[in-house]
Amino acid sequence: MQVIEGLAYEDKEVAIRAKGKKDYHTAARSFLSAAKQFKKIGDESNLLEAANCYEDAYKAFQQVKQNDKALEALETAASIHEKNIRQSTRAARIYEILADQYKKSNSSQYSLEKALKMHRKAADLFELDGDGRFLFSLISQAELSAEIGYYEQAIDLFDNIMTLSVNDSMLSYKTKSYIFWQCLCIIALDDWVRLEKQFKQSVEQYPSFADSRECAFINNLIQSKNSCDPSEFSTACKEYDQLTTLTPWQTHILLEAKKVLEVKDLR
């Protein structure tokens, strides 16, 4: 093990020198080699060295635009930190970085699924540590679930978020947005009976929502659905979007709902 540890430190020194010369190809390879050897030894101090080298490899791979290798190295670092109770918060922070990177890398379903998984891991670790960032990870997880189309999952997450944030002075002002997003997820499921029930409950339970534009908008959508009026539905969407721009996933849900309403109107 001493031989392996010596080789690991040699590779790390090579990587540091290469990084100083901005030879990021060599730095990335050497940090990765060092990380693997430190990890092979397996004790706590060497595992921490391994995780640090994986993080350095991530940064070096980013410099040479090898994003897949960069993300793989960073995820390995997070997984090592996750197994050490004293490093769980650091692991959570890295998982949040990974989630953001996967969302930026491209809009493929695979990348978004990976981002969702990273947010979920971060939320679990922050919650375990009693870290307030748990709620922000939960919010990111809920939004991404809605974007991907996991509407039931998003609805449940928004329920949790509203319960946790309603008594937080810094977050309670966003409650109306969480209710609005949750209502859109119910619309995506084409369950208008459920929507009316949830809408009524939210109006009674959250005064900040009852007095909002979001509340008026959802009410207009319900009324246009009940009167089977796609034109009224479209007007309500247009008027809301003029003042508060709808996101792509929100627009998609509303367009699909309008199509269903148009079909019913033709009947």
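The values are calculated or read from the model by the stated rules, or taken from the named source; none is laboratory data. Quick caveat: nothing in here was measured; it's all calculated off a predicted structure. A quick note on method: Cβ atoms are made from the backbone with ideal geometry, for glycine too, and the neighbour counts reach across all protein chains shown.
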Conditions (1) buried (at least 19 other Cβ atoms within 10 Å of the Cβ); (2) closer than 24 Å to T175 by Cα: number failed by I94: (2)
Any hit, segment 157-178, residues being aromatic (F, W, Y) and exposed (fewer than 15 other Cβ atoms within 10 Å of the Cβ): yes
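A quick yes/no check of all residues on (1) among the hydrophobic types (A, V, I, L, M, F, W, C); (2) surrounded by 13 or more Cβ atoms within 10 Å (Cβ to Cβ); (3) closer than 16 Å to A188 by Cβ; (4) within 28 Å of the chain's Cα centre (by Cα):
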{"site": "Y206", "(1), (2), (3), (4)": "no, yes, no, yes"}
{"site": "C215", "(1), (2), (3), (4)": "yes, yes, no, yes"}
{"site": "N219", "(1), (2), (3), (4)": "no, yes, no, no"}
{"site": "P230", "(1), (2), (3), (4)": "no, yes, no, no"}
{"site": "Q250", "(1), (2), (3), (4)": "no, yes, yes, yes"}
{"site": "I253", "(1), (2), (3), (4)": "yes, yes, yes, yes"}
Name the residue, out of L261, L246, L195, that is more than 30 Å from R120 (Cβ to Cβ) and in contact with a Cys (Cβ under 8 Å, 6 or more places away or on another chain). L261
I'd like to check which helices (runs of 4 or more DSSP H) are fully inside segment 1-87 and have at least 3 residues that are of a type in the set (K, R). 2-20, 24-41
Report yes if some residue within segment 132-143 is more than 13 Å from the chain's Cα centre (by Cα), aliphatic (A, V, I, L, M) and buried (at least 18 other Cβ atoms within 10 Å of the Cβ); otherwise report no. no
Going residue by residue through segment 73-82, is there one that turns out to be of a type in the set (D, E, K, R), surrounded by fewer than 23 Cβ atoms within 10 Å (Cβ to Cβ) and closer than 27 Å to S45 by Cα? yes
Can we say L184 is more than 17 Å from Q250 (Cβ to Cβ) and hydrophobic (A, V, I, L, M, F, W, C)? no
Out of E214, E204, E196, E256, sole residue that is modelled with pLDDT under 95 and assigned by TED's automatic domain parsing to the domain that holds S177: E204
Quick one: in segment 36-62, of everything that is surrounded by fewer than 23 Cβ atoms within 10 Å (Cβ to Cβ) and among the aliphatic types (A, V, I, L, M), which residue is farthest from E5 (Cα to Cα)? L48
Sort out which residues of segment 37-60 are farther than 16 Å from A78 by Cβ and either among the polar types (S, T, N, Q) or at pLDDT 95 or above (or both), and write them in order of number. Q37, S45, N46, A60
